[in-house]
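A short worksheet on the structure shown next.
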Amino acid sequence: MNEAGIYTVSQVSVYLKSLLLNDRLLQDLYVIGEISNFKLHKPSGHMYFTLKDNESIMRCVFFRRANKDLKFAPFEGMKVIARGNLSLYERSGYYQLYIEDLRPEGMGTLFLAYEQLKEKLQKEGLFREENKKSLPIIPRCVGLVTSSSGAAIKDFLTTLRRRFPCLRVIIYPTAVQGREAPPQIIEALKKLDIIEDIDVIVLTRGGGSLEELWAFNDEELARTIFKMNTPVVSAVGHEIDFTIADFVADKRASTPTAAAEIIVPEKKDLLKHLVMQEHRLKSRLKSQLKEKNMNLENLSRAAALNYTREKINHGYQRTDEIWQRLVRNLFYSLKLKGAGLNNLEEKLQALSPLMIMGRGYTFVLNNKDLLVGSVDILKVNEMVKVVFHDGEADCEVKRIEKKELFDH
Amino acid sequence: MPAKKNVKMTFEEALKKLEIIIEKMESEELSLEDSLRNFEEGMDLTRHCRKLLTDAEHKVEILLQSGELEDFKEAGEA
């Protein structure tokens, strides 16, 4: 300060700055406002923006040192509460708020951070269904990343053993909450990923608050899970809790118990399935054999039938031949002997009994109209009928005398 | 022999192969020789699957920072 009471610009600035720095209120100040003109200076990581309300604006600086732990990305128009101290930037003559901490107004910081990371990774395709690896039906060995104490590991192992009594499990114990959790979990995943027998890795912890589950919303952890060669099942918290790890994992289980149910089937179900397949295999072969056998039978039956038919055809032909021969012979003999037919008729007529009787023969019937062929059956005084060729007469037997006319 | 070829198969590889064989037998008109050969291979596969289901042992280990494995004592275990 000189004698005339005239100050240099710098002198005023320094004086003003000292006033601001000595004001207790301005050195630990909470300011609410909307973000505008947001700029992230890429090389340094510092953030510059203004906070405004309807009447005023205030310049803000959020240095890398202070913003590196910020869980969400500030954006234009976002309503925030900034904590910091007010000071003067001498070079431009502005007062600025040097922010130490920033949080979204109206919703939880963690919630916002979660939403933002989720959206970002979703856009990058980390949650896409087609990027998800399928789980083996039965893993040869299961990798387990969780805290070695706590209910999650117990629930998981108990359920696993109940469903599938013989299974190898390799546990990599880690912290499951706090700052040290994400790097530990990342290391565990990477180490288990290169063990050849491990076919599936389960990442689990029991329920907790959003803060307690926060380790599973870590961006680097999400990217690690995405890059894994082994399928990862994530089971963090309870049914209602969703973490970023759940979204990026190949399969999400609602609880540690559910994770065990997802990674192994019931052994007895598998055995049943196997028995069914075996049955299919056997019955197919059986039916094929049966079919072939039937084909064979049909074939031989057809062959036999053909043989018979041939025989029949052959027989028909023979019959035809014989028939023709017969007809021919008959025709021939008829033709030959046609003239003798009349003679034959005469001969036949000559043999008729009536013709014989015409020559004077008669026959005798008893009273029952039975022919009397011998005197042996006649009795004296019996009435008989004597039949002539032109009539009959009732007669009485008077005398019987047997004569041996013919020698037998 | 198919049996030797199947030794290293995982359960699902074997099961998948088995299902393919069965489907082939059920849908295609195979010669009896082919059917028999498929059947034999199928039976080998079911044996292999069953072995995988029953032979493995329950073993829980801890992977230590050093990279070594150590048996894990479960709560309630003697």
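Read-outs: derived from the displayed coordinates by stated rules, not from any lab. In this text, all values refer to a predicted model and were calculated from it rather than measured experimentally. For neighbour counting, all protein chains shown are included, and Cβ atoms are generated from backbone atoms with ideal geometry for every residue, glycine included.
Counting only DSSP beta bridges with both residues in chain A, the antiparallel share comes to about 65 percent. 3J(HN,Hα) couplings calculated from phi for region A:279-287 with the Karplus curve 6.51 cos²θ - 1.76 cosθ + 1.60 (θ = phi - 60°) are, in sequence order, 4, 4, 4, 5, 5, 5, 5, 4, 5 Hz; Gly and Pro show x.
Could you line up A:120, A:402 from fewest to most neighbouring Cβ atoms inside 10 Å? Before the final figure, lay out each step's value.
On the way: A:120 14, A:402 9.
With the fewest neighbours first, A:120, A:402 line up as A:402, A:120.
Mean partner shielding of peptide A:165-175, defined as the number of other chain Cβ atoms within 10 Å of each residue Cβ, is 5.
Remark: spin-label model distance residue A:361-residue A:381 equals 3.4 nm, labels positioned 7 Å along the Cα→Cβ axis. Per residue, the convex hull spanned by the Cα atoms of region A:9-106 amounts to 110 cubic angstrom. Stretching the chain fully between residue A:10 and residue A:304 yields a gain of 93.2 nm (0.36 nm per residue, less the alpha carbon separation).
Sorting the Cα pairs of region A:40-198 by distance into bins of 10 Å, from 0 upward, gives 8, 23, 26, 18, 14, 8, 3, 0 percent per bin.
Full extension of the segment from residue A:197 to residue A:30, taken as 0.36 nm per residue of separation minus the current Cα-Cα distance, would add 54.6 nm. Within the listed set A:238, A:41, A:314, the Gaussian network model of chain A (springs between alpha-carbon atoms below 10 Å) gives the highest mean-square fluctuation for A:314. With the helix formula -39500 (n - 2.57) applied to DSSP H stretches of n ≥ 4, the protein assembly as shown reaches a computed 222 nm mean residue ellipticity of -14500 deg cm²/dmol. Between the beta carbons of residue A:91 and residue A:154, assuming R0 = 60 Å, the FRET efficiency works out to 0.45 to the nearest 0.05. From least to most packed, judged by other beta carbons within 10 angstrom and beginning with the fewest, A:280, A:223 follow the order A:223, A:280. Once backbone amide H atoms are built at 1.01 Å from N, residue B:58 has A:167 as its partners under 5 Å, excluding neighbours fewer than 5 places away on the same chain. A cut-off of 5 Å between modelled amide H atoms, ignoring neighbours fewer than 5 places along the same chain, links residue A:200 with A:141, A:143. With one equal scatterer per alpha carbon and no solvent term, the Debye-computed log10 I(q)/I(0) for region A:228-274 at 0.14, 0.17, 0.20, 0.32 1/Å reads -0.40, -0.54, -0.66, -1.10. Amide H contacts of residue A:81 (H built 1.01 Å from N, in plane; Pro and chain starts excluded): A:103, A:105 sit under 5 Å, all sequence-distant by 5 or more or on other chains. Look at the stretch B:9-18: the mean tally of other chain Cβ atoms within 10 Å of its residues' Cβ atoms is 4. Each residue, residue A:81 and residue A:124, gets one label point 7 Å from its Cα in the Cβ direction; the gap between the two is 3.1 nm. By other beta-carbon atoms within 10 Å, ranking A:144, B:32, A:26, A:189 with the fewest at the front produces B:32, A:26, A:189, A:144. When both region A:25-64 and region A:158-179 are represented by their alpha-carbon centers, they are found 47 Å apart. Taken residue by residue and averaged, Cβ atoms of other chains lying within 10 Å of the Cβ of B:46-52 number 4. With R₀ fixed at 35 Å, the C-beta to C-beta distance from residue A:295 to residue B:55 puts the FRET efficiency at about 0.25.
If you take the square roots of the eigenvalues of the alpha-carbon gyration tensor of region A:149-248 and sort them as a ≥ b ≥ c, do you get rounded (a/c under 1.5), prolate (a/b over b/c) or oblate? Here region A:149-248 falls in the oblate category. Once you compute Rg and the Kirkwood Rh from C-alpha atoms, what is the Rg to Rh ratio for the protein assembly as shown? Taking Rg over the Kirkwood Rh, I get 1.69.
Please list A:129-136, A:31-38 highest first by mean number of surrounding beta-carbon atoms within 10 Å per residue.
Per-residue mean Cβ counts within 10 Å order the peptides as A:31-38, A:129-136.
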